[in-house]
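Undergrad: Handing you a structure now.
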Amino acid sequence: MLKEKYPYYLANEAIFANDDLVVTDKYTGATATRVAMADAAAIDRAIAAAENSQPALRKMAPYERQQILNHCVLQFEQRFEELAEALCIEAGKPIRDARGEVSRLIDTFRIAAEESVRQNGEIMNLEISPRAKGYSAMYKRVPIGPCSFISPFNFPLNLTAHKVAPALATGCSFVLKPASRTPIGALIIGEILSQTKLPKGAFSILPCSRDGADLFTTDHRLKLLSFTGSPDVGWALKAKAGKKPVVLELGGNAACIVDEDTQDLDNAVERIIFGAFYQSGQSCIGVQRIMVHESIYKAFKTKFIKKVKALPMGDPKDEHTFIGPMIAESEAIRLKSWIDEAIAKGGTLLTGGKQNGVFVEATVLEKVAKDALLNTEEAFGPVAILNVFNNFDLALKEVNESKFGLQAGIFTRDIHKAHKAWEELEVGGVVIGDVPSFRVDNMPYGGVKDSGIGREGVRFAMDDMTEIRLLVIKAST
């Protein structure tokens, strides 16, 4: 059960403010709980505290940071069902997907605990010419300083973890703005961190209004901004961030190619259904564009549509539910309008297409116009479009005809085609034999073009949160 009200965390301490943010049960629409909201003055104090705590945090030994991360892992394991239930309620995520996200939260903190004691440098030989005779060098990585994090609604636990855990591993203080629609998971993480021996001010977790959040981006005391969310917001924040480095993990309309040599068509169908429709399609690497070779198109389409029609839709708390509610009715209405536009431009509706409140049926279309929003933008809902191809090279070209470039999936047994896809696709990651929705939390993850800049994945995020400090030594004569 959720608490009646959750505090925010300012400089490691729980604060119950008078200004409340209402968090709804995304299935029923009823008020599920309330959380305290931070105002601009609280955000300013949090940034000052993060700056003041940085020297002490920098001096913490790696094993001490590892102990804090291990404490979190233990607490997450003990509170597993509580975290899953909170996620199910605040995000409307089907309970089995919610449990999967809690498992990934644990994985991410466990990886960070391991990496926290592996922050190494390198000894360099500088004697590459006569002028450098007698000189040697070494470098190490040092924390960049206080970080600003803004996390999204769709993975409120794990995408928060991909910012918080690397910061703890490297010794960076941080202020975090969780998504207003799904702040509970981040606040439970804050509660667990407040039990540790982190220096005072090392973290603040502050639900707040968008108007009050400007300091997260513009304040010069913050040395890095990491944002996950929509492209329009992300690029606007980058433009306002000033001199600080910015990491953006934004949107996509991921493509999946099913080539003619795909032997296990049933497996491809199952995996693409997962990739397109898990957590109601609200994933930036959800499968949106499916390209199937003409020789197997009819068989794939028949199997695919049959299984999509059978996906259970309803209460996310039901263990059997696969399609739950979207995050808000406004998003469901928006997606329905995109489906209607695709049909008006000549697309064929194969199944689904109906919207009722926060629900949109699992929907599949084919023959969708190139300029339809379902082709050009990120649907972020339970919709996929089928296309047929007869030339692998042209299919790769079609994947690249997108302003996004996050990940792509290729079902093929041809190693040469796999390597060609890896070489030519303008994406951050190519997944062979599975959907682009596949992610393990230690791999480098991020995109190109409008899908963002920088990479998450614990060790790669730690690189962004540290700077190289060089030492040059001249030998005595």
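Read-outs: derived from the displayed coordinates by stated rules, not from any lab. Just so it is clear, the model here is predicted, and its values are computed rather than measured. Methodologically, a virtual Cβ is constructed for each residue, glycine included, from the backbone with ideal geometry; neighbour enumeration extends over all protein chains shown.
Undergrad: Subtracting the Cα-Cα distance from 0.36 nm times the residue separation, let me have the gained length for residue 3 to residue 403 in nm, one decimal. Can you show the working numbers first?
TA: On the way: separation 400, 0.36 × 400 = 144.00 nm, distance 4.24 nm.
Separation in residues times 0.36 nm, less the Cα-Cα distance, equals 139.8 nm.
Undergrad: Roughly how many nanometres apart are two label points built 7 Å out from the Cα toward the Cβ at residue 341 and residue 78?
TA: 5.0 nm
Undergrad: Mind pulling the per residue volume of the convex hull built on the Cα atoms of segment 91-222? Å³ is fine. Mind dumping the intermediate values first?
TA: Numbers: hull volume 20.5 nm³, N = 132.
It comes to 155 Å³ per residue, whole-number rounded.
Undergrad: To continue, here is another question. Under the definition of Cα pairs under 8 Å and six or more residues apart, what whole-number percent is the relative contact order of the chain? Can you show the working numbers first?
TA: Working: 1114 pairs, mean separation 86.1, N = 477.
Once normalised by length, the contact order is 18 percent.
Undergrad: Hey, got the dipole for segment 157-295? About the Cα centre, +1 on K and R Cβ, -1 on D and E Cβ, debye to the nearest 20?
TA: Working: 14 positive and 13 negative charges, 276 e Å.
Dipole magnitude for segment 157-295 comes out near 1320 debye.
Undergrad: Net charge near residue 102: determine it from the other residues with C-beta under 12 Å of the C-beta of residue 102, scoring Lys and Arg +1 and Asp and Glu -1. Write out the running numbers ahead of the final one.
TA: Numbers: positive: 79, 93, 96, 99, 104; negative: 77, 81, 82, 85, 97, 101, 107.
Local net charge: -2.
Undergrad: Now a separate question. Please compute the Cα-Cα pair-distance distribution of the chain with 10 Å bins starting at 0, giving whole percents from short to long.
TA: With 10 Å bins starting at 0, P(r) equals 4, 20, 28, 24, 15, 7, 2, 0, 0.
Undergrad: What is the gain in length, in nm to one decimal, between residue 393 and residue 233 on full extension, counting 0.36 nm per residue of separation less the C-alpha to C-alpha distance?
TA: Numbers: separation 160, 0.36 × 160 = 57.60 nm, distance 3.40 nm.
Computed gain between residue 393 and residue 233 is 54.2 nm.
Undergrad: Span-like helices, the chain: DSSP H, alpha-carbon axial extent 15 Å or more, mean Kyte-Doolittle -1.0 or greater, which ones? Intermediate results must be reported in sequence, preceding the final value.
TA: On the way: long enough: 40-59 (30 Å, -0.11); 62-78 (24 Å, -0.79); 80-91 (16 Å, 0.73); 95-115 (30 Å, -0.37); 158-170 (18 Å, 0.42); 265-277 (18 Å, 0.83); 297-309 (18 Å, -0.72); 329-344 (22 Å, -0.14).
Membrane-span-like by this criterion, though nothing is claimed about a membrane: 40-59, 62-78, 80-91, 95-115, 158-170, 265-277, 297-309, 329-344.
Undergrad: Taking the Cβ of residue 196 as the center, what net charge do the other residues with Cβ under 14 Å away carry, scoring Lys and Arg +1 and Asp and Glu -1?
TA: Numbers: positive: 65, 197, 200; negative: 13, 64, 191.
With Lys, Arg at +1 and Asp, Glu at -1, the net is 0.
Undergrad: What does the highest-first list of 45-57, 149-161 look like by mean Cβ count within 10 Å? Working shown, then result.
TA: Values: 45-57: 20.0, 149-161: 25.5.
My ranking of the peptides, most packed first, is 149-161, 45-57.
Undergrad: In addition: For segment 136-152, take each phi angle, set θ = phi - 60°, evaluate the Karplus expression 6.51 cos²θ - 1.76 cosθ + 1.60, and give the result in whole Hz per residue in order, putting x for glycine and proline.
TA: Along segment 136-152, the couplings run 9, 8, 8, 9, 9, 9, 10, x, 5, x, x, 10, 10, 10, 10, 10, x Hz.
Undergrad: Do any of 3/244; 177/240; 200/223; 336/370; 303/370 go past 27 Å between their Cα atoms, and which? Mind showing how you got there, number by number?
TA: Details: 3/244 37 Å; 177/240 17 Å; 200/223 19 Å; 336/370 18 Å; 303/370 25 Å.
Too far apart for the 27 Å limit: 3/244.
Undergrad: Taking only Cα atoms of segment 340-473, what ratio of Rg to Rh do you get with Rh as the Kirkwood inverse-distance radius? Can you show the working numbers first?
TA: Details: Rg = 18.7 Å, Rh = 17.3 Å.
Over the Cα atoms of segment 340-473, Rg/Rh equals 1.08.
Undergrad: What value, in deg cm²/dmol to 500, does the helix sum -39500 (n - 2.57) over DSSP H runs of n ≥ 4 give at 222 nm once divided by the residues of the chain?
TA: Values: 15 runs with 179 residues, N = 477.
That calculation yields -11500 deg cm²/dmol at 222 nm.
Undergrad: Express in % the proportion of alpha carbon pairs of segment 421-477 at distances exceeding 14 Å.
TA: Details: 1074 of 1596 pairs.
When every Cα pair of segment 421-477 is considered, 67 percent fall beyond 14 Å.
Undergrad: Another question, then. Given the options 328, 46, 251, identify the residue whose Cα lies farthest towards the positive end of the charge dipole of the chain (+1 on Cβ of Lys, Arg; -1 on Cβ of Asp, Glu).
TA: After comparing all options, I get 46.
Undergrad: Local charge sum around residue 433 (other residues, Cβ-Cβ under 10 Å, Lys/Arg +1, Asp/Glu -1)?
TA: On the way: positive: 271, 413; negative: 264, 434.
Its environment carries a net charge of 0.
Undergrad: Here is a follow-up. Give a quick list of GluC sites (Glu not before Pro) in segment 261-341 that DSSP marks as loop, anything other than H, G, I, E or B, with at most 15 other Cβ atoms within 10 Å.
TA: Those that pass, being in a loop and sparsely packed, are 294, 319.
Undergrad: Work out the FRET efficiency for residue 58 and residue 124 from their Cβ-Cβ distance, taking R0 = 25 Å, and round it to the nearest 0.05.
TA: On the way: r = 24 Å, r/R0 = 0.94.
For R0 = 25 Å, the calculated efficiency reads 0.60.
Undergrad: Let me ask something else. Mind checking the dipole of the chain: about its Cα centre, +1 per Lys or Arg Cβ, -1 per Asp or Glu Cβ, Debye to the nearest 20?
TA: Working: 57 positive and 60 negative charges, 246 e Å.
Taking the Cα centre of the chain as origin, the dipole is about 1180 debye.
Undergrad: I'd like the FRET efficiency for residue 307 and residue 468, computed as 1/(1 + (r/R0)^6) with the beta carbon distance as r and R0 of 45 Å, rounded to 0.05. Spell out each step's value before the answer.
TA: On the way: r = 50 Å, r/R0 = 1.12.
The value I calculate is 0.35.
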